[in-house]
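A.B. asks: The structure under discussion is supplied below as structure tokens; questions concerning it will follow.
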Amino acid sequence: MQRTLRKYWPIFTIPTLVCFAIAFLVPFVMGFGLSFTEFTTVVDAKFVGFSNYIRAFSGGTSFLSAMGRSVVFTIACVILINLFGFALALALTRNMRGTNVFRTIFFMPNLICGIVLGYIWQLIFNGILANFGQTLTTKGTYGIVGLIILMCWQMTGYMMVIYIAGLQNVSPDLIEAAEIDGATPWQTLLHVKIPMVMPSITICMFMTLTNSFKLFDQNLALTNGAPGNDSALMALDIYKTFYSRPGYEGVGQAKAVVFTIIVAVIAMIQLRATREKEVEN
């Protein structure tokens, strides 16, 4: 088997590496280079040094405000989505009828396009707020809360499926041993189940953190950043800078580079922190 793998590994590895380079490495390197230029197209770029980065963080910019909103939004989503997903997984791994139906129902929102979800929830929220003489874009806070609700509704079912797989992989012998030793259900959960599903927690934390930080299409459809840019997250702020402000293409590219680095660093820290708590089955 090992000999076969050593012989044929290029057939499987090289196409993957080529696709990764074309889809990610080349655009990232080009984008990083363009962040130091002033341009309207990639063929008329003029080197301007770090001025784009200075303009991105200078006074009057919305980038820092969008960054703060993204941090708050991400923290709320990571906590709520994982709590709800894990709670549903616990409930649906018990011996009860209809669990497969409930799993399917809870998972289905993840299959709906983000743009479509944004417009659907916009109608729902505006219909509710109309009873109070408000709309979703009356205050930026309404938009952020609406995005949190939308994100939780969309991703909780996906995380639930991952947690179910982790819980089903916990050895019944461990749970039985804990019960024999007199552990309560709460103690069994804290000291047996949660430590054993840490690999699933690592995956779910990583996915919710990165997806929340780089949320774009739902933000665009739900509020488009209104009022003003008070509900715009980082991805939408970058998009508006690049496409809605002539002469700011380089600034938008600089913001995109900063955004990529922030997401990558936070994701790596989260992965390392949660992996240290994993235990061997």
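A.B. asks: In segment 218-244, what residues are surrounded by fewer than 22 Cβ atoms within 10 Å (Cβ to Cβ), over 12 Å from the mean Cα position of the chain (by Cα) and part of a helix (DSSP H, G or I)?
C.D. replies: Taking segment 218-244 and keeping what is surrounded by fewer than 22 Cβ atoms within 10 Å (Cβ to Cβ), we get 220-221, 224, 226-230, 235, 239-240, 242-244.
Right, trim to over 12 Å from the mean Cα position of the chain (by Cα) and you get 220-221, 224, 226-230, 239-240, 242-244.
Within segment 218-244, Leu220, Ala221, Tyr239, Lys240, Phe242, Tyr243, Ser244 qualify.
A.B. asks: Give the residues of segment 126-151 that are closer than 12 Å to Pro109 by Cβ and surrounded by fewer than 19 Cβ atoms within 10 Å (Cβ to Cβ), sorted by residue number. Working first, answer last.
C.D. replies: First pass over segment 126-151, keeping only residues closer than 12 Å to Pro109 by Cβ: 149-151.
Passing the criteria: only Ile149.
A.B. asks: Return the residues of segment 202-217 that are outside any helix (DSSP H, G or I) and either free of Cβ contacts under 8 Å to residues at least 60 places away in the same chain or surrounded by fewer than 20 Cβ atoms within 10 Å (Cβ to Cβ) (or both); say none if nothing qualifies. Please lay out each step first, then the result.
C.D. replies: Here is the first cut: in segment 202-217, the ones outside any helix (DSSP H, G or I) are 214-216.
Lys214, Phe216, listed by residue number.
A.B. asks: Can you tell me which residues in segment 91-113 are farther than 13 Å from Tyr158 by Cβ, surrounded by 15 or more Cβ atoms within 10 Å (Cβ to Cβ) and in contact (Cβ under 8 Å) with a residue 24 or more places away in the chain?
C.D. replies: Correct list: Leu92, Thr93.
A.B. asks: Could you pull out every one of the helices (runs of 4 or more DSSP H) wholly within segment 1-79 that has 1 or more residues that are closer than 18 Å to Gln253 by Cα?
C.D. replies: Details: elements: 2-20, 26-34, 51-57.
Helices (runs of 4 or more DSSP H) meeting the threshold: 26-34, 51-57.
A.B. asks: Of the residues that make up segment 38-45, is at least one closer than 30 Å to Gly146 by Cβ and surrounded by 14 or more Cβ atoms within 10 Å (Cβ to Cβ)? Please lay out each step first, then the result.
C.D. replies: Within segment 38-45, the subset closer than 30 Å to Gly146 by Cβ is none.
Checking segment 38-45: not a single residue is closer than 30 Å to Gly146 by Cβ and surrounded by 14 or more Cβ atoms within 10 Å (Cβ to Cβ).
Coordinate-derived values only; no laboratory data. Computed from a predicted model, the values in this text were never measured in an experiment. When we count neighbours, we look across all protein chains shown, and the Cβ atoms used for this are built from the backbone with ideal geometry, even at glycine.
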